[in-house]
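S.K.: Got a structure here, written out as structure tokens. Questions coming.
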Amino acid sequence: MAAHPKDERTLVVIKPDGIQRTLIGEIIKRYEQSGLKLVGIKMLVPTEELVNSHYLLDPEWPMKTGLKTIESYRKKGQTPPSENPLEITDVILKNLKKYMTKGPVVAMVWQGIHAAGIVKKITGSTEPLTSDMGTIRGDFTIDSYQVSDVDKRAVRNLVHCSGNAEEAKQEVPLWFKPEELFEYRLINEAMLYDPEINNIL
């Protein structure tokens, strides 16, 4: 029997800048208020090996990321730092490892219908400069690809979230053991998922 859509899970990692900006509670609140359920949470300082494994779970990530970066520069009328996508991604990954190992992060797993899509929408686009107001990245930080390139560092965008449900299925087991994830029921799940909305009166 196929899993119910309400059982979809996705990964969120509050990055070192989100911790240092004291935004843990605010970030959690955004996801929680949407109706998603927190089923796993822990604080850790990631190793370079974990960060490397995380970003290379998708073998296409280096090429996709490099091409996306080049396209982003061109859309803004700017010259990309290189025309070679893999060369660009090598630099991005090196900067990400440096950034993500600088201090503690908070890793979380959220569960609910369309969990990956809802989290992605709440989080905003990767670059804070072009993230919509009302998203975490649009509301709480002002970084950009251009400035991060000038400073030779990763974009400080507060949060990582899985790009989609399939990506989440790979990322969650990398960060969490099965026993670190919890099955439990929230009262408000009846309102979200019960087809008949019984037992209110």
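S.K.: Which condition from (1) at pLDDT below 95; (2) crowded, with 20+ Cβ neighbours inside 10 Å is the one that E60 breaks?
M.R.: (2)
S.K.: Quick one: what pairs do we get from the range 83-95, first residue farther than 10 Å from G66 by Cα, second of a type in the set (G, A, S) and assigned to a helix (DSSP H, G or I), C-beta under 8 Å, 6+ apart or different chains?
M.R.: Once the first residue is farther than 10 Å from G66 by Cα and sits in the range 83-95, its partners that are of a type in the set (G, A, S) and assigned to a helix (DSSP H, G or I) give N95/S148.
S.K.: Looking at the range 122-137, is at least one residue at positive phi, buried (at least 18 other Cβ atoms within 10 Å of the Cβ) and at pLDDT 95 or above?
M.R.: yes
S.K.: Then there is this: Quick check on my filter: what residues within the range 157-172 are outside any loop (DSSP other than H, G, I, E, B) and surrounded by 12 or more Cβ atoms within 10 Å (Cβ to Cβ)?
M.R.: V159, H160, C161, A165, E167, A168, K169, Q170, E171, V172
S.K.: Related question: Out of the range 167-201, which residues are at pLDDT 95 or above and in contact with a strand residue (DSSP E or B) (Cβ under 6 Å, 6 or more places away or on another chain)?
M.R.: Scanning the range 167-201 gives A168, E171, V172, W175, F176, E180, L181, F182.
S.K.: Same structure, new question: Determine which member of the set K94, K102 is on the phi < 0 side of the Ramachandran plot and assigned to a helix (DSSP H, G or I).
M.R.: Of the residues listed, the single one that is on the phi < 0 side of the Ramachandran plot and assigned to a helix (DSSP H, G or I) is K94.
S.K.: A follow-up question, please. Restricting the search to the range 146-156, which residues are crowded, with 19+ Cβ neighbours inside 10 Å and in a loop (DSSP other than H, G, I, E, B)?
M.R.: Passing the criteria: A154, V155, R156.
S.K.: Of all residues in the range 32-51, how many are touching a residue at least 60 places away in the same chain (Cβ under 8 Å) and either at positive phi or not hydroxyl-bearing (S, T, Y) (or both)?
M.R.: Residues that pass the stated criteria total 12.
S.K.: Tell me, which residue of the range 138-166 that is among the acidic types (D, E) and within 16 Å of L96 (Cα to Cα) is modelled with the lowest pLDDT?
M.R.: D149
S.K.: For the list (1) loosely packed, with under 12 Cβ neighbours inside 10 Å; (2) part of a helix (DSSP H, G or I), I need the number of the one condition that E183 fails.
M.R.: The failed condition is (2).
S.K.: Are any of the residues in the range 143-157 hydrophobic (A, V, I, L, M, F, W, C) and touching a strand residue (DSSP E or B) at 6+ places or on another chain (Cβ under 7 Å)?
M.R.: No, the range 143-157 has no match at all.
S.K.: A further question on this structure: Would you mind stating whether T22 is farther than 30 Å from Y193 by Cα, of a type in the set (S, T, Y) and loosely packed, with under 14 Cβ neighbours inside 10 Å?
M.R.: Yes: the conditions hold for T22.
The values are calculated or read from the model by the stated rules, or taken from the named source; none is laboratory data. Since we're looking at a predicted model, the values are computed, not measured. Neighbour counts run over all protein chains shown; Cβ positions are idealised from the backbone, glycine included.
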